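Below: the structure, in structure tokens.
The values are calculated or read from the model by the stated rules, or taken from the named source; none is laboratory data. All of these numbers come straight from a predicted model, not from anything done at the bench. In this analysis, Cβ positions are derived from the backbone assuming ideal geometry, glycine residues included, and neighbour counts consider all displayed protein chains.
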Amino acid sequence: MTKLGYIHIRIIISVLLGLLALLLIFASWYYRDDLFRSIYDPGEPFQTMDRPVAPVYHSASGWLLRPDPNIDPIDIPGGDVFVVSPTLFLGRTHWNAPTDDAKLASQFTHVVLPNYILPFTSAGRVYAPKYRQAALYTFLNNRDDSLLAMEFAYQDVRRAFTVFLAENPPERPIVLVGYGQGGLHVQRLLSEFFGGGKLNQKLAVAYVIDHPTVLENLGEIKPCARKQDTNCLVAFGAFEPKEKKRARRFTQRTLVWDLGNTARPNMRSVSGRPLLCVNPLLWTMDTDYAPPRLHLGGVAAEGLGLETMPVPVPQQTGAQCQDGILLLDKPKQKALRRPSRFGGKYRTLPSNLFYEDLRIDAKRRVQNLIDKDILPKRAPLLELETIEIEDSPVTLPLKPIKQ
């Protein structure tokens, strides 16, 4: 074969290899969701895996944030807020998040705490438990192992909530907050603990964000229909225009608790059932479009500490409730959009688009409930005057006392 023939063969091979590489890249992109799911499959049945060590909720180590239980809150304004954090643990090594993983702990401190928990400190004391959350992988299928992992995670949340209730005085309103997986667990807390009675009266508001809330599952808790409402529920799942596939999964395939059996709720998919959507720019269930001028501000607060409050960026998006989901305008600031990365459509964002809107709303509803004057009142602590007592010597009588 001539030298020219060898050159032609090498060119053909290079072109074929290039085409193969492009084909592999395209296939990886096209099947990226399947690839993501297969990578994070724990690969072992839930029942045979060792359980991660349980958080201890009577200790500070069991919480991302918790007030000092030894300080009487009588002079601390507002109510008590219980926040259940979104999913950060992806899977692969277990069905439920380990409690001793330093990298995961750092993510909770640097992503979840500043973006999803700190907005609610303006409404009062905040409790945010650590819990052995179900892996993100469990929300991408309906395997029995996944259902067991979600039930396992909920039992941690429930134990933490009972500690929260024990430390919540009768006169302080309650706020419940759940993002993503946290929203799923808050729905069940509402069903189990707020079926009527005094605890319902203490509920200023509950927020279920980015997890579907089926209208037929609301039970005793009514939707929030206006800013002034209390004892009510705010729920929405927000989607940018490009997220049509994620929105379909949200409204059709996402699992929620089937709360008809209160003794032991099962899970079933949404399956197109009507969902609750409360627009966080209007605070109503109306389908009116809310323009960006009503948006109070989002933050991308990754890495900020407890002492640093982020500066919200307002007027980033408009929003409209439509067919049970919250349709967004594309946020103006890139840091507030869902990133285009491997598995990005499923991961928890390192930002909170409605940070300021939620912060102000929670504070307002707590104050609205306090102003209704239906909760017990405590008398202020008395400041007792300290009296110094001087020692006095005992003087014996000069004459014996007659018997």
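Which members of region 88-106 meet the condition of being in contact (Cβ under 8 Å) with a residue 24 or more places away in the chain and acidic (Asp, Glu)? Even if it seems obvious, please write down each step before you answer.
First, pick out the residues of region 88-106 that are in contact (Cβ under 8 Å) with a residue 24 or more places away in the chain: 88-100.
100, the sole residue that qualifies.
Would you mind finding the one in 98, 86, 129 that is touching a Phe, Trp or Tyr at 6+ places or on another chain (Cβ under 9 Å), surrounded by 17 or more Cβ atoms within 10 Å (Cβ to Cβ) and farther than 26 Å from residue 335 by Cα?
Working: 98 fails: surrounded by 17 or more Cβ atoms within 10 Å (Cβ to Cβ); 86 fails: farther than 26 Å from residue 335 by Cα.
Testing whether each residue is touching a Phe, Trp or Tyr at 6+ places or on another chain (Cβ under 9 Å), surrounded by 17 or more Cβ atoms within 10 Å (Cβ to Cβ) and farther than 26 Å from residue 335 by Cα leaves just 129.
Using the structure shown, decide if residue 205 is in contact with a His (Cβ under 6 Å, 6 or more places away or on another chain) and in contact (Cβ under 8 Å) with a residue 60 or more places away in the chain. Before the answer, list the steps.
Values: in contact with a His (Cβ under 6 Å, 6 or more places away or on another chain): no; in contact (Cβ under 8 Å) with a residue 60 or more places away in the chain: yes.
No, not satisfied.
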Pairs, first over 22 Å from residue 59 (Cα atoms) in region 118-131, second acidic (Asp, Glu), C-beta under 8 Å, six or more apart: 119/356
What strands (runs of 3 or more DSSP E) lie completely within region 50-132 and have 2 or more residues being under 30 Å from residue 370 (Cα atoms) and of a type in the set (Phe, Trp, Tyr)? none
Residue in region 69-83 that is surrounded by the most Cβ atoms within 10 Å (Cβ to Cβ), counting only those that are under 27 Å from residue 351 (Cβ atoms) and of a type in the set (Val, Ile, Thr): 81
Within region 268-318, track down each residue that is free of Cβ contacts under 8 Å to residues at least 60 places away in the same chain and under 18 Å from residue 250 (Cα atoms). 268, 270, 271, 272, 273, 277, 278, 279
Check region 174-194 and report whether any residue there is in a strand (DSSP E or B), in the same structural domain as residue 274 (by TED's automatic domain parsing), closer than 30 Å to residue 323 by Cα and free of Cβ contacts under 8 Å to residues at least 12 places away in the same chain. no
In region 223-235, is there at least one residue being in contact with a Ser or Thr (Cβ under 8 Å, 6 or more places away or on another chain) and surrounded by fewer than 20 Cβ atoms within 10 Å (Cβ to Cβ)? yes
How many residues, within region 205-249, are basic (Lys, Arg) and either closer than 14 Å to residue 270 by Cα or part of a strand (DSSP E or B) (or both)? 4
Condition first: closer than 29 Å to residue 137 by Cβ and in contact with a helix residue (DSSP H, G or I) (Cβ under 7 Å, 6 or more places away or on another chain). Can you find one or more residues in region 329-344 that meet it? yes
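Answer yes or no as to whether residue 139 is assigned by TED's automatic domain parsing to the domain that holds residue 93, farther than 14 Å from residue 256 by Cα and part of a helix (DSSP H, G or I).
On the way: assigned by TED's automatic domain parsing to the domain that holds residue 93: yes; farther than 14 Å from residue 256 by Cα: no; part of a helix (DSSP H, G or I): yes.
No, not satisfied.
Among the candidates 187, 181, 155, 201, single out the residue that is closer than 17 Å to residue 257 by Cβ and surrounded by fewer than 20 Cβ atoms within 10 Å (Cβ to Cβ). Even if it seems obvious, please write down each step before you answer.
Details: 187 fails: surrounded by fewer than 20 Cβ atoms within 10 Å (Cβ to Cβ); 181 fails: surrounded by fewer than 20 Cβ atoms within 10 Å (Cβ to Cβ); 201 fails: closer than 17 Å to residue 257 by Cβ.
The conditions single out 155.
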For region 326-342: of the residues being out of contact with any strand residue (DSSP E or B) (no Cβ under 6 Å at 6 or more places or on another chain) and not in a loop (DSSP other than H, G, I, E, B), which is surrounded by the fewest Cβ atoms within 10 Å (Cβ to Cβ)? 334
